[in-house]
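What follows is one structure encoded as structure tokens, with my remarks underneath.
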Amino acid sequence: MLEHFFECYSDLSGLIPCPVLGSITPLFIPNSRIRPIRLIGLCASLITFLYPPVPRIQFDPSTAKSQFVESLRWLPYENIHFSMGIDGLSLFFVILTTFLIPICISVGWSGMRSFGKEYITASLIREFLMIAVSRMLDPLLFYVLPESVPIPMFKPPTGGPPSSSSRVWGSRQRKIKAAYQFFLYTSLGSVFMLLAIPLILLQTGTTDSQILLTTEFSERRQIFLWIASFASFAVKVPMVPVHIWLPEAHVEAPTAGSVILAGIPLKLGTYGFLRFSIPMFPEATLRSTPFIYTPSAIAIIYTPSTTSRQIDLKKIIAYSPVAHMNLVTIDLVGVEVYDVILEYSSMTRGERCATQNGSRHLCKKFRGLQISDTTIDPTERNDQKKKWSSIPPMSSHGLVPPALFLCVGVLYDRHQTRLVRYYGGSVSTMPNLPTISFSSTLANMSSPGTSSFLGEFPISVGAFQRNSLVATLAALGMILGAAYSLWLYNRAVSGNFKPDFLHKFSDPNGREVSIFLPFLVGGATVR
């Protein structure tokens, strides 16, 4: 029995059941016993967090194949498999998800007095869904699972107690509207992808991504399928003009909701591009490059400009993920990807199936799989290291904005307001929090030495080689982003002390400092 346990542990079989069992167990405990409910949720999330380091150690970076594959034929008459695996891209998402969920549970520890059972259950169900999304190898299930992620965050009005994190633990009266916007935008945008999946199934007879990567679609069909997937993933990035739901959702959500929203769901759009759209429809991607560059460049300029007009601390921070993630989308069709698409497009179907320089080579490029130094010729190592520039900014973005949201949450817990005009001079009354927020602000500005700089600077350099105008606009947006970051820090931390509005001052306690530490270390060291 012990051998079976270690076998399950090593092949990730328990990565999915852990959060599921953790979300079910509190349902049998009375709401009055909030302490065991919290402990069960925290322990379940920590046990889940202990799983990813095992495949990270056993992971073979010399192959583009998915590893730790588990397959279940659940619709045999349609040749649709419940297939999950891990590669270099999905491993990053799994680790980030399991890292953030225990922190989100710890953030709501003291405020988990009403609907504590629902809070723990919703958090662990979100973790299960996001892990399953990251490991899913089937486009049909990849559609179903991301559309299930908003469900624990939203529940329509009923006669019973609500369970939406935005509706129950939100901070203002507009939280119901924000929950509806979040749900409707993400769901309606994905309808186009739902229309594309049957078309893929009719041509190929399967939704197995490994087979689809070697399937040759006609150019016209590729364009149609690419547009359908683009409409779905653009909402999740989000790209302009379908970004309106994000600032409203961040503002109305509790601190833990903002942390997890900025950390994982916003990456699903770029993950979908890297996993499915670009590898499966390379010719359409090549032709549709302007449709990626244009809204991305507009978003990078627009969001810092509109941020300067905001008066809410959380809404100011909420706009920064839009600019950062649109910078990542520019890199999706960077110069290296452009060269690989041209190479792939010139191959015949037989060459793609017969040679490892075809689809598997393409998979390595688009999945961001880390290549072992032992498998690369020394003369190619520097070139290889330049090709994985989409992963570092996403990993940094999974840490920096959540840390800023935590800083705002600490202020809101003490003063019950997020309006900028009420703050000022806190450096003299709460010295530790300004120090923490300054570190996160530097990372948000992509200052040299921070993880954001290591991710975004190579993107800017690569963009100049492909399109100097887009790169110039992106660089200008980064400058504007640094300007509003410094403006916000100066208004909230420096300036004159305002005792007429703020009366209670206390630095972060031990629990809050322990929550900040992983973000501070990661924001400075993630590569």
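Inspection of the range 54-73 identifies no residue that is at pLDDT 85 or above and surrounded by 13 or more Cβ atoms within 10 Å (Cβ to Cβ).
Would it be correct to say that Ser258 is touching a residue at least 12 places away in the same chain (Cβ under 8 Å) and either within 18 Å of His397 (Cβ to Cβ) or among the charged types (D, E, K, R) (or both)? Taking the combined requirement at face value, the residue satisfies it.
Of Ile211, Ile200, Ile223, Ile227, all but one fail to be at pLDDT below 85 and in a helix (DSSP H, G or I); the exception is Ile211.
Just one of the numbered conditions (1) free of Cβ contacts under 8 Å to residues at least 40 places away in the same chain; (2) closer than 28 Å to Leu419 by Cβ; (3) in a helix (DSSP H, G or I) is not true of Lys315: (1). Does Leu96 meet the test of being open to solvent by 10 Å² or more (accessible area, probe 1.4 Å), under 17 Å from Ala44 (Cα atoms) and either modelled with pLDDT of 80 or more or out of contact with any Lys or Arg (no Cβ under 7 Å at 6 or more places or on another chain) (or both)? In short, yes.
Total residues in the range 239-261 satisfying the condition of being of a type outside the set (S, T, N, Q) and either in a loop (DSSP other than H, G, I, E, B) or open to solvent by 20 Å² or more (accessible area, probe 1.4 Å) (or both): the figure is 8. Of the residues Ser468, Ser428, the single one that is at pLDDT below 80 and open to solvent by 50 Å² or more (accessible area, probe 1.4 Å) is Ser428.
Residues of the range 411-432 that are touching a helix residue (DSSP H, G or I) at 6+ places or on another chain (Cβ under 6 Å) and closer than 23 Å to Ser106 by Cα: Arg418 alone. Scan the range 441-451 for residues that are open to solvent by 10 Å² or more (accessible area, probe 1.4 Å) and either farther than 30 Å from His415 by Cα or hydroxyl-bearing (Ser, Thr, Tyr) (or both) and the total you get is 6. Residues considered: Lys267, Lys236, Lys315. Of these, the only one that is modelled with pLDDT of 85 or more, open to solvent by less than 10 Å² (accessible area, probe 1.4 Å) and in contact with a Lys or Arg (Cβ under 9 Å, 6 or more places away or on another chain) is Lys267.
Restricting attention to the range 262-278, the residues that are more than 14 Å from Ile227 (Cα to Cα) and either touching a Cys at 6+ places or on another chain (Cβ under 6 Å) or part of a helix (DSSP H, G or I) (or both) add up to 10. Restricting to the range 318-334, name every residue that is open to solvent by less than 10 Å² (accessible area, probe 1.4 Å), closer than 22 Å to Ser277 by Cβ and among the small types (Gly, Ala, Ser). Of everything in the range 318-334, just one residue is open to solvent by less than 10 Å² (accessible area, probe 1.4 Å), closer than 22 Å to Ser277 by Cβ and among the small types (Gly, Ala, Ser), namely Gly334.
The values are calculated or read from the model by the stated rules, or taken from the named source; none is laboratory data. These numbers were taken from a predicted model, which means no experiment stands behind them. So basically every Cβ, Gly included, is an ideal-geometry build from the backbone, and we count neighbours across all protein chains shown. In case anyone asks, the SASA skips ligands and DNA or RNA and just uses the protein heavy atoms, side chains included. Shrake-Rupley method; radii C 1.70, N 1.55, O 1.52, S 1.80 Å.
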